Each structure stands twice: as C-alpha cells, then as structure tokens.
Amino acid sequence: MYLKADLHIHSVLSPCGGLDMSPAAIVKKALEKKMDIIALADHNSAGNLKALEDAALEKIALFFGLEIQSASETHLLTLFGNREKAEAMGDFLYSYLPDIPNNPEYFGDQVVVDAEDRIIKMEDKLLLQSVEMEMEEIIEEVHGRGGVVLFSHIDRDSYSVISQLGFIPSDSKIDGIEISRHLSLEQARKKYARYGHWPFVTNSDAHLLEDVGCAFTTYKMQTPSFEEFRMALQGREGRGVCYDA
Ligand SMILES: [Zn+2]
Ligand SMILES: [Zn+2]
C-alpha cells in the first residue's frame, strides 16, 4: 500500500510553534489532509507525545519524534516507533540541555498539554538551543534506542548539516535526508545527486496549523508500522520511498 506521512510537525511545546498547535488540533488537521501517518518532532523534547497518542486514538498511525539540535547547531529529525522510547530519549537529552531559562516574550511559551488542550505545565528550560552532544553521538544514541535519524531540512540555510558543515560527511550513519517543503524531492535529488545513496524524504516542518500536511512523503509499505518505515528507508523487500508520487 502507499501511505502518506508527514513526520515533522511542531506543537505548542516548541517555542516557535503556534499557540493553536495542540496535539488534538494537529490530529484533526492531519486527518482532514488525508495523512496516514504523522509524527510530532518538537525541539529537544518529547513532552507532548502523550497528548498526541491520547488524541489520535486509533484514527491515524503515529511515530514519535524529537528534533534534536546538536552542539554544531545541526537539526536532526529523530523518530521512534513507540512513545516510551521517544520519551526516554527526551529524558536522556534533558541533562545535555544547558540550564538556560526560556524567555517567553522573545521565543514564545513552551506548553505541555493534554489531549483536551488543557495546559499541564510550562517548560521553563529553553528548548530551542543546542544540546551538549555532537551529531555522531546523537545518531549513535538514537540507534542504540531503536530509532532512526535523518538530517533535517538540508536545503535550509540555517540549522542544517549543509549550512553548518558545508557538506554531509560520507561516513555519516544517518538513515536518510530530509528536504524542506521549499524544494520538491525531484529537484532535490538532482541538486543533491551526490547524496543519492541515502533516501530523501520531505515533511511539512509545520509550526502553524494550516501547514500540517502541506508537504509529505509517500511510502510503499505493507502496514503503517515503524518496522515497515525502516524497511522503506532502506529500500528493502519491495518497500521504499515514492519519488514520483
Ligand atoms: Zn529544524
Ligand atoms: Zn522542525
């Protein structure tokens, strides 16, 4: 089957995320946009994944993400097959996050909510900053916990591996490359042909509700499971990313 997935969405927990970006509203919008699988990937935090799981019930398939900012200010889209693993990664990461308070007037609030949009708490530590871990350390940690890692929005001129290093190291253990919504996968595969041995995917990176599902990738998978997704990234046994969809 062919499944549409938008696996990089920010919620109200991301200081730059819109205040209407509650997990419940995101699920509703994703269903309207006919997505089959979605993932939240807030900056350096898994705090709203429980609300996402509660809001989604069985209506849409979920993966569980965090967008981690490495010491070199590179964004890494990390995804897990279940909430507990993503939350454990979030807990682990928290101690690597410098103890700098959020400034809500400058960055916006960082809100943890439940599935009914009730505020549970405000996260006081600034999430939109680098963790004290290098890219390769993060990749190794996520793999050790059963997750996958993609370089976020490599075509963007900030917080991407190419903006920070100028290139993607050939020995990187990454599972794939994400292209921002500003470039089609077809254009990106030409522009970045030298990285063509990695799978290319795209996602909305939505910070506003209307942007949920505005970019997505179609995967050929047998079921909307995380193991099938991993096989699709690896192009194994007939699974894969559909570049012409
Ligand atoms: Zn990013
Ligand atoms: Zn993002």
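The values are calculated or read from the model by the stated rules, or taken from the named source; none is laboratory data. Since this is a predicted model, take the numbers as computed values, not measurements. Cβ atoms come from the backbone with ideal geometry, glycine included; neighbour counts cover every protein chain shown.
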Residue selected from segment 169-183 under the condition among the charged types (D, E, K, R) and without any contact (Cβ under 8 Å) to a residue 40 or more places away in the chain, by the criterion surrounded by the fewest Cβ atoms within 10 Å (Cβ to Cβ): 171
Within segment 125-146, identify whether any single residue is over 14 Å from the mean Cα position of the chain (by Cα) and under 29 Å from residue 32 (Cα atoms), and answer yes or no. no
When you scan segment 215-235, do you find a residue that is within 16 Å of ligand 2 (Cβ to nearest atom) and either in a loop (DSSP other than H, G, I, E, B) or modelled with pLDDT under 95 (or both), even just one? yes
Select from segment 131-168 the residues that are within 16 Å of ligand 1 (Cβ to nearest atom), among the small types (Gly, Ala, Ser) and surrounded by 19 or more Cβ atoms within 10 Å (Cβ to Cβ) and list them in ascending order. 152, 160
Mind checking which residues of segment 1-31 are within 16 Å of ligand 2 (Cβ to nearest atom), in a loop (DSSP other than H, G, I, E, B) and surrounded by 18 or more Cβ atoms within 10 Å (Cβ to Cβ)? 10, 11, 12, 13, 14, 15, 17, 18, 21
Single residue of 34, 50, 85 found to be at pLDDT 95 or above, under 15 Å from the mean Cα position of the chain (by Cα) and surrounded by fewer than 23 Cβ atoms within 10 Å (Cβ to Cβ): 85
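Each row is one residue, and each column tells you yes or no for (1) touching a residue at least 24 places away in the same chain (Cβ under 8 Å); (2) polar (S, T, N, Q).
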{"position": "28", "(1), (2)": "no, no"}
{"position": "31", "(1), (2)": "yes, no"}
{"position": "35", "(1), (2)": "yes, no"}
{"position": "82", "(1), (2)": "yes, yes"}
Using the structure shown, decide if residue 166 is under 28 Å from residue 87 (Cβ atoms) and not hydrophobic (A, V, I, L, M, F, W, C). no
So which residues in segment 216-232 are surrounded by fewer than 20 Cβ atoms within 10 Å (Cβ to Cβ) and in contact with a Gly (Cβ under 9 Å, 6 or more places away or on another chain), if there are any at all? 220, 222, 225, 227, 230, 231
Sole miss for residue 79 among (1) more than 16 Å from ligand 1 (Cβ to nearest atom); (2) outside any loop (DSSP other than H, G, I, E, B) is condition (1)
